[in-house]
Amino acid sequence: MKKLFILLFSILTISMFPCCGGRGSGSDDDPGTAEGNGPDAPGAAEIMPGDSKLSLSWYAVDDANSYEVWYAEESEDSAEAEQSGSEIYNTYYTITGLTNGTTYYVWLKAKNSEGISGFSEPSSAMAQVPDDDPAAVAYIAIVEGDKQLAVYWAPVEGATEYEIWSSKMAVIGTAEKTAENIKGTSYTITGLQNGFNYYIWMRARNYWGISEFSEMSEKCIPHALSIPAEPDAPNLVPGNNELGVFWNTVEEAASYEIWYNTTNNSGSSVQAGEDISGLGYTITGLTNGIEYYVWLKGKNSAGSSGFSESSSGTPEETLTFETASSFGDKVNMAIGNEPAVMVYANSSTEDIVFPMGTDDSSTGIISQRFFMSESEVTFAMAAEVFQWAYDSGKLTDETGKHNSVDIAYVRWGGRTIADIRWSQLKFIGGKFSIDSGYEEYPAADCINWFGAIMFCNWLTEMRDGNSDNIVYSGIGTDWPHSSVIMDIEDRTKTGYRLPVNEEWEFTARWAGTDSGARIDLVSNFDNNPNLLELTDGYYWTPGDYASGATADYTDESGTNLVSWNENNSGKTVHKVKVLSPNALGIYDMSGNLRELIFGQSDYLYNCYIRGGSFLNSVKRLQAGYEDYGYTSSSYFDLGFRICRTGE
C-alpha cells in the first residue's frame, strides 16, 4: 500500500526546475492579504520529500487561475524566499535541485486577472532520499492529572507525526486510537475517568509509513488533586543579615509558603514574601546574631498543607571568594535555588610541590589558588543549571535542533551531553525536575564529560549574568567531534570548571601544615622513601589511603568512615555529605561516585576519572589511584564536582 501511494503521488507530479524568480518579491505581504482584487491565499501546501526535491500539492482556491511557489532554505521568513518556476496552472508541483538533509520552507500565492494573493502559511520539509518506516517510539513519560493524562515522548528520527492509543486494559488488542496527526512530542488526553487504570501505546509516522507500536506504558491513574503533604524541614544557609531557605519537592505542590519567627512557635510566625514556585528563597532584613526558626507549607488549588517541622539558623557575616584567605575556608553560595559550598583548597600564592600516585613515587605542582566544591554536584544543582539554560534560550525543546532537550536527552552542538532516560533528573513540559527524595543525591547516570563542561559554563554565566568569565571557550553551538579538546580551557578566569588531575589529588591528600600527633603523613622529611623534593611545611596523606582516612585502604573500618564502597554501600549510591570529610572539610572524594576530571588520559577519547565509587573495591578508592573513561559516556556510578580559580 505504501509503494502504491508513492507511485500515485509521483504520477500526479509535474517536475519543474527552479528558475530565477525574484527573491522576496512582494514578500512583505501578510499571509492571506491579496493585492488588488486577487483571490484569497491558498492553504499551506502538503509536502512529500524526495531525493533532492520536494513534491507539493494543495487545494484549489476559488477564482484562482494559477499559482506561484516560493521557498527558502532553513528560514521561516518569507522575505528570504525566492520563486520556483513561473506560473503554475495545476495544484501540484515539484521543486527540484535541492540539497538533501536541508530543511526548506514553502509558501504559495494564488493569482487571477484581478491580482495576486498574499503568501499562504508556510509548510516545511527536508529534502531526503526516501526512507523506511520510522522506528517505534522508544521512551514515554506520563503525568497524571484530574481526568487527564499528559503524554510526553522522545522524538523518533525521521518521524513527522505520531498517534496515541489507550485502553483500560493492559492488552494492545483492546486499545483505541485516542489521537493522531500529532506534530510535536507531547499531548494531553482529556475526558478520562478518575480512579481508573489506563495504559498508553504510541506509533510514529512519516511520509513513507508507520512504525510498530511502542512498548506499553506503565499503569496510569487520572486523579483529582489532593492537598499536599507537609514538607520536610527546610535547610538553612546563614548569610549577612539573611537566611537562605532551601527544601525538597513535595508531590502535587504547585507552590510553597515560608514562615519564620524568633521563637519556635509557628502560630505567631510571619510569612516571608508571597507564594514561591521554586525550591529556594532568601529571607532578608534579619539581624545578625539572632536565632530564627523557619517553617514551610506546600500549596496547590486543593489547599495548603500544615506547617513543616521547624529549622533554625542564625544570620552572620560570612566569607566570600574575595575575603576567604586560609586553607579550608568555606564560601556559601547558591546555584539557583540550591545551596552549595566552595572550600578554599589552596590559598597559597607560592608553588606547592606534593606527592602523587598510590606509592608516592611522583610529584605534582600546584601554582594557582583554587576552591573545590564541598560535595559532588547533586541532582538538584544539575536541574537548576539546566533549567536556567533552557529558560535562557541556550536549549530548546524544538525537535531537530542541535542544542535541544527532550524527555530522553540533552544535546549541545548535536552531541548528547546528558542521557536522562533512566535518570532521576527529568525534563517534562519545559521543566527540569528531580524524582522526589533524590534532590541531595549526586547526579549519577546522566551527565557525561561534555555535559559537565557545559554545566560549568552555564553556572558561570548564570551567577555572573554574562559570559565574560567562562573558562571553556571556543565551543559555540557546534562541539568538535574529536577527542577531548584541551585548548578550550583558560584557568586564569575565575568561572566554574572541572578540577584538573593535580588539583583533585592535591585536595584529596592535603593533611595540613602541621602533622600534629600523626606519624604516618608524607612530607619533605617524613615518610618520603622516594626522596621526593616536596615543598616544606605541608603534610599529605599517603597515596594508598582513601581521602580523609587515617590508615591505608586495607583498613576496612577506617576506609568505611570516609567512603561509600562495595563493602558498606549496599551497592547503591548515597546522599552527599553523609560520611566524614577529609582534612579540608570536603566530602566523598573517595567513593560514592567516580568523578570526572578535565584532562585527557593516554587513551584517545578518554578523560581522567578519580575517586572510585560505591561499586568499587577499596583498592580503587586510593587517593593516588588514576582511572579513565569515555568522554561521551555516562555511567550509573559517575558524577563530578566543580572547582574555581581563586581571586
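State whether one or more residues within the range 352-359 are surrounded by 21 or more Cβ atoms within 10 Å (Cβ to Cβ), of a type outside the set (S, T, N, Q) and in a loop (DSSP other than H, G, I, E, B).
Start the filter on the range 352-359 by keeping residues that are surrounded by 21 or more Cβ atoms within 10 Å (Cβ to Cβ), which leaves 354-356.
Cutting the leftovers down to of a type outside the set (S, T, N, Q) gives us 354-356.
Subset that is in a loop (DSSP other than H, G, I, E, B): none.
Scanning the range 352-359 turns up no residue that is surrounded by 21 or more Cβ atoms within 10 Å (Cβ to Cβ), of a type outside the set (S, T, N, Q) and in a loop (DSSP other than H, G, I, E, B).
Residues of the range 534-549 being more than 38 Å from the chain's Cα centre (by Cα) and either assigned to a helix (DSSP H, G or I) or not aromatic (F, W, Y) (or both), which ones? Step through it out loud before you land on a result.
Going through the range 534-549, the residues more than 38 Å from the chain's Cα centre (by Cα) turn out to be 534-539.
Passing the criteria: L534, T535, D536, G537.
For the range 458-472, enumerate the residues that are assigned to a helix (DSSP H, G or I) and either over 16 Å from T492 (Cβ atoms) or open to solvent by less than 40 Å² (accessible area, probe 1.4 Å) (or both). Walk me through it before giving the result.
Narrowing the range 458-472 to residues assigned to a helix (DSSP H, G or I): 458-464.
Scanning the range 458-472 gives W458, L459, T460, E461, M462, R463.
Quick grid of which residues meet (1) of a type in the set (A, V, I, L, M); (2) modelled with pLDDT under 90; (3) in contact with a Ser or Thr (Cβ under 7 Å, 6 or more places away or on another chain):
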residue: I417; (1), (2), (3): yes, no, no
residue: L425; (1), (2), (3): yes, no, no
residue: Y438; (1), (2), (3): no, no, no
residue: N448; (1), (2), (3): no, no, yes
residue: G451; (1), (2), (3): no, no, no
residue: M454; (1), (2), (3): yes, no, no
residue: P480; (1), (2), (3): no, yes, no
residue: E489; (1), (2), (3): no, yes, no
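Does any residue in the range 178-193 that is modelled with pLDDT under 95 come within less than 9 Å, Cβ to Cβ, of a residue that is of a type in the set (F, W, Y) and outside any strand (DSSP E or B) six or more places away or on a different chain, and which pairs are these?
Close Cβ pairs satisfying both conditions: none exist.
Look through the range 266-278, keep the residues that are within 12 Å of W295 (Cα to Cα) and touching a Phe, Trp or Tyr at 6+ places or on another chain (Cβ under 8 Å), and return whichever of them is surrounded by the fewest Cβ atoms within 10 Å (Cβ to Cβ).
Keep residues of the range 266-278 that are within 12 Å of W295 (Cα to Cα), which gives 266-272.
Adding the requirement that they be touching a Phe, Trp or Tyr at 6+ places or on another chain (Cβ under 8 Å) leaves 266, 269-272.
Numbers: S266: 18, S269: 20, V270: 10, Q271: 12, A272: 19.
Here the answer is V270.
Residues are listed down the side, and each one gets a yes or a no for (1) out of contact with any Asp or Glu (no Cβ under 7 Å at 6 or more places or on another chain); (2) farther than 16 Å from Q83 by Cβ; (3) among the charged types (D, E, K, R); (4) modelled with pLDDT of 95 or more:
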site	(1), (2), (3), (4)
S27	yes, no, no, no
T33	yes, yes, no, no
E46	yes, yes, yes, no
S55	yes, yes, no, no
D63	yes, yes, yes, no
S66	no, no, no, yes
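With the checklist (1) modelled with pLDDT under 95; (2) open to solvent by 60 Å² or more (accessible area, probe 1.4 Å); (3) part of a loop (DSSP other than H, G, I, E, B) in hand, flag the one item Y281 doesn't pass.
Of (1) modelled with pLDDT under 95; (2) open to solvent by 60 Å² or more (accessible area, probe 1.4 Å); (3) part of a loop (DSSP other than H, G, I, E, B), only one is false for Y281: (3).
Can you name every residue in the range 576-632 that is of a type in the set (A, V, I, L, M), in contact with an Asp or Glu (Cβ under 6 Å, 6 or more places away or on another chain) and either surrounded by fewer than 19 Cβ atoms within 10 Å (Cβ to Cβ) or in a loop (DSSP other than H, G, I, E, B) (or both)? If you could, list the steps in order and put the result at the bottom.
Residues of the range 576-632 of a type in the set (A, V, I, L, M): 576, 578-579, 583-584, 586, 589, 593, 596-597, 604, 609, 615, 618, 621, 623.
Within this subset, residues satisfying the condition of being in contact with an Asp or Glu (Cβ under 6 Å, 6 or more places away or on another chain) are 576, 586, 593, 609, 615.
Within the range 576-632, V576, I586, L593, L615 meet the criteria.
Quick check on this structure: which one of A324, A345 is in contact with a Phe, Trp or Tyr (Cβ under 9 Å, 6 or more places away or on another chain), modelled with pLDDT of 95 or more, hydrophobic (A, V, I, L, M, F, W, C) and over 21 Å from G239 (Cβ atoms)?
Details: A324 fails: over 21 Å from G239 (Cβ atoms).
Sole residue among the options that is in contact with a Phe, Trp or Tyr (Cβ under 9 Å, 6 or more places away or on another chain), modelled with pLDDT of 95 or more, hydrophobic (A, V, I, L, M, F, W, C) and over 21 Å from G239 (Cβ atoms): A345.
The values are calculated or read from the model by the stated rules, or taken from the named source; none is laboratory data. Every value quoted in this text rests on a predicted model; they were computed, and no experiment measured them. With ideal geometry, Cβ positions are generated from the backbone for all residues, glycine too; neighbour counts draw on all protein chains shown. Surface areas here come from the heavy atoms of the whole protein model, side chains and all, with no ligands, DNA or RNA. Shrake-Rupley method; radii C 1.70, N 1.55, O 1.52, S 1.80 Å.
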